1. Mean separation of Cα pairs under 8 Å and 6+ residues apart, divided by the residue count of the stretch 230-329: what relative contact order is that in percent?
2. Using Cα-Cα distances under 8 Å and only pairs 6 or more residues apart, what relative contact order does the chain have, in percent?
3. Looking at the stretch 177-215, which trypsin sites (Lys or Arg not before Pro) are in a loop (DSSP not H, G, I, E or B) and have at most 14 other Cβ atoms within 10 Å?
4. Using DSSP, restrict attention to beta bridges with both residues in the stretch 1-84 and report what percent are antiparallel, rounded to the nearest 5.
5. So what is the 222 nm mean residue ellipticity for the chain from helices alone, if each DSSP H run of at least 4 adds -39500 (n - 2.57) and you divide by all residues, rounding to the nearest 500 deg cm²/dmol?
6. What percent antiparallel are the DSSP beta bridges of the chain, to the nearest 5?
7. Taking each full run of DSSP H in the chain as one helix, which ones are at least 24 Å long along their axis (Cα atoms) and have mean Kyte-Doolittle hydropathy of at least 0.0?
8. D for the chain, whole µm²/s, Stokes-Einstein with Kirkwood Rh over alpha-carbon pairs at 37 °C and 0.692 mPa s: what number?
Amino acid sequence: MKSFELYEPRTVKEAVDTLSKAGPKAKILAGGSDLVAGVMKDWVEGPGMPLPDALVDVTAIPQLRGIKADQNGVTIGANMTLTEIIESKELNERLPMLVNAAHSVASPLIRNFATLGGNINQRPRCWFLRGPDFHCYKKGGDTCFSVTGDNRFHAIIGGELCYIVHPSDTATALLALNAQAKIAGPDGERTVAFDNYFIGPRENVLRENVLQPNELMVEVFIPTPAAGTKQTWMKLKNRDVYDFALVSVAAAFTTENDNWKDGRIVLGGVAPVPYRATGMENQLKGKHIKNSIKQAAATIRTVARPMSMNAYKVDIAQNMVERTILQALA
Ligand SMILES: Cc1cc2nc3c(=O)[nH]c(=O)nc-3n(C[C@H](O)[C@H](O)[C@H](O)COP(=O)(O)OP(=O)(O)OC[C@H]3O[C@@H](n4cnc5c(N)ncnc54)[C@H](O)[C@@H]3O)c2cc1C
Ligand code: SF4
């Protein structure tokens, strides 16, 4: 592995100052399960994705820790590990969907040190991106190898130039829960709704979210769901032991007399960003859920543009949405 400078700030301000001084090749380090054990170990680099020359370890910043709950919602520090999220009594009672999504990530060992901030902001898993010999668009190159190569795990919606699928399970669940991220940067703090947090290749092929190189995620806020909100998480993996989502579905919704009142359906594993299925939500609005879900789930066919080897994902996504919503009702 190439050598790098290591910084260990104790406050958010110190971390932002260090990132600003160290320049665009500096990276935030949390658990390191993706950045160090993946990206840097495998030399994933290119002109648009240089290997970091400085790591800013944020794990000793107290402000990034903690789970706080009040009547307005729950705030989770970016450095809370996935295991801490899974074991939180408060989160199990209030946000079981997020707990189930966190529980479906990787293996217990990885969940013990992988953080929420790292999970949401991890880099994509496209096997061409992770291979040192493929200088594709996302590394600053001039082609996408998935178009003519093996694209069985790639996007069926929203791909353009690049066809990654967003790798984070917690991001999919948090978007369904209408979460917001608090971000710290040189000009202070700002709050960004998860609706606007992720960036697809159409907007910027070199990035996956709105974070600037000298900004960090401080915490995530999830507003208290409306009374009676049903929450469900479902994930299909290629290898059941542990794997990224082939397709996942996060649904959070309210009902009135068996009709859909309000809510969100978000799919993972299908698009470069966690994909909010507003077409399905609109189809269900005010309708009897059990009578309408089949037709609503089928609207995925109007937006999906599968590649040469991944049309199977369209069938899976359609059926999983139907199954997830019916499971929530049961
Ligand atoms: C074998 C294996 C299986 C996996 N399976 C799954 C899976 O099924 N589902 C899934 O969702 N993930 C999966 N992952 C990915 C894993 O969950 C992530 O690697 C992990 O969550 C990253 O957390 P970390 O704290 O180790 O982050 P790091 O590796 O330290 O950082 C990851 C990225 O996030 C950035 N970052 C970290 N913290 C912050 C912050 N506070 N603000 C801004 N940026 C930040 C870093 O700069 C880096 O780019 C798997 C990983 C492995 C190795
Ligand atoms: S899908 Fe994206 S990351 Fe993968 S080869 Fe194409 S441009 Fe690169």
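A short reminder: the numbers here are calculations on the coordinates, not readings from a lab. Here the structure is a predicted model, which means the values were calculated and not measured. Positions of Cβ are generated from backbone atoms using ideal geometry, with glycine treated the same way; all protein chains shown enter the neighbour counts.
1. Values: 166 pairs, mean separation 25.8, N = 100.
Once divided by the residue count of the stretch 230-329, the mean separation gives 26 percent.
2. 17
3. Working: sites: K182, R190, R202, R207; in loops: R202, R207.
Passing sites in the stretch 177-215 are R202.
4. Given both bridge residues lie in the stretch 1-84, the antiparallel proportion sits at roughly 40 percent.
5. Details: 12 runs with 93 residues, N = 330.
Calculated mean residue ellipticity at 222 nm is -7500 deg cm²/dmol.
6. Values: 44 of 52 bridges.
So the antiparallel bridges amount to about 85 percent of the total.
7. On the way: long enough: 312-329 (26 Å, 0.14).
Span-like helices in the chain: 312-329.
8. Working: Rh = 20.3 Å.
Approximately 162 µm²/s, per Stokes-Einstein.
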